[in-house]
Amino acid sequence: MNSKYTLSNDGNTGCANGYCMQAQMKHKVEKIEGILTEYLPRQEGFQSIIMEAMNYSLLAGGKRLRPMLMNETYRLFGGESPLIRPFMAAIEMIHTYSLVHDDLPAMDNDMLRRGKPTTHAVYGEAMGILAGDALQNYAFETALTAFDLEPENPGIPAALKLLAGKSGVYGMLGGQVVDVESEQMKDISRERLDFIYRLKTGALIEASMMIGAVLAGASK
């Protein structure tokens with residue numbers, strides 16, 4: 001097996017040791033952070049506090065695995081245009097909103113995430129709920145800007161359908177529901193646990209790669 005390989009066509013070559021992989025991942029995360037910043041709402045108006053809370057939540061760190069996988073899959077299937085960028089931002093907004101709500105007192109009641117105070121710890125419970133709601137809605141506002149880039153691209157409606165379906169009651173949200181219900185159970189079956197993992201965690205990862213493929217024009 002060759003000791004060197006390339007993960008994408010962005011000019012960064014990884015190698016078999018952990019240092020090179022970490023450097024490459026850091027570079028990719030920095031590029032994604034730039035895309036997220038580009039699509040963040042401006043903090044203005046009487047409701048500017050919600051934009052501030054959204055921005056705080058979205059830029060609080062993380063591996064950015066979902067937008068990274070989406071971009072890699074898009075490139076793998078020959079995608080080259082900026083069309084992927086609003087969807088990369090959107091998937092991370094949805095992931096972030098789920099974390100914001102997961103940290104709330106009614107759920108896990110966490111005061112720290114990634115070493116920083118959680119959104120509700122900084123802005124209060126009500127604003128934490130609203131920040132999660134806002135990120136969920138703004139994710140679709142952001143994804144819809146793809147029509148401004150390529151209005152005739154048939155992959156955009158299909159990608160939007162995937163984004164909605166994999167984040168809803170048959171996807172991430174459904175998995176979260178079963179996870180919350182399971183906390184009251186003494187014994188959890190393997191089938192139920194697999195269901196939680198498949199939906200709560202797996203659905204958005206599936207969405208990331210499927211959206212990348214669809215937008216690049218991959219066949220079924």
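Largest first and in whole Å, the equivalent-ellipsoid semi-axes of region 50-162 read 29, 14, 10, each the square root of five times a Cα gyration tensor eigenvalue.
Roughly how many whole Å is it from the C-alpha centroid of region 84-121 to that of region 157-220? A separation of 17 Å, based on Cα centres. The equivalent ellipsoid that matches the C-alpha gyration tensor of the chain spans semi-axes of 28, 22, 19 angstrom, in descending order. As a length-normalised measure over Cα pairs under 8 Å and 6 or more apart, the relative contact order of the chain settles at 23 percent. Counting only DSSP H runs of at least 4 residues, each contributing -39500 (n - 2.57), and dividing by the residue count of the chain, the helix-based mean residue ellipticity at 222 nm comes to -19500 deg cm²/dmol. For the pair Glu152 and Leu112, label points projected 7 Å from Cα toward Cβ lie 5.5 nm apart.
Bridging of Lys186 to aspartates and glutamates at a Cα separation below 20 Å is possible for Asp108, Asp194, once same-chain residues fewer than 8 apart are set aside. Summarise the accessible area of the chain (1.4 Å probe, protein heavy atoms) by the percent that is carbon and sulfur. Result for the chain: 57 percent of the exposed heavy-atom area is carbon or sulfur. Close amide-amide hydrogen proximity is noted between Arg113 and Thr118, each under 5 Å apart and 5 or more residues distant or on a separate chain (H modeled in the peptide plane; Pro and chain starts excluded). Taking GluC sites (Glu not before Pro) as exposed when their DSSP state is a loop state and no more than 12 other Cβ atoms lie within 10 Å, the longest site-free interval of the chain runs over 81-151. Histogrammed with a bin width of 5 Å, the alpha carbon distances of region 104-220 distribute as 2, 10, 15, 17, 18, 16, 11, 7, 4, 1, 0 percent, first bin at zero. Each label point was placed 7 Å from the Cα along the Cα-to-Cβ direction; for Leu76 and Phe46 their separation is 4.9 nm.
The values are calculated or read from the model by the stated rules, or taken from the named source; none is laboratory data. Source: prediction; values computed, not measured. Counting neighbours? That spans all protein chains shown, and the Cβs are built from the backbone with ideal geometry, glycine included. Calculation scope for accessible area: heavy atoms of the full protein, side chains included, ligands and nucleic acids excluded. Shrake-Rupley method; radii C 1.70, N 1.55, O 1.52, S 1.80 Å.
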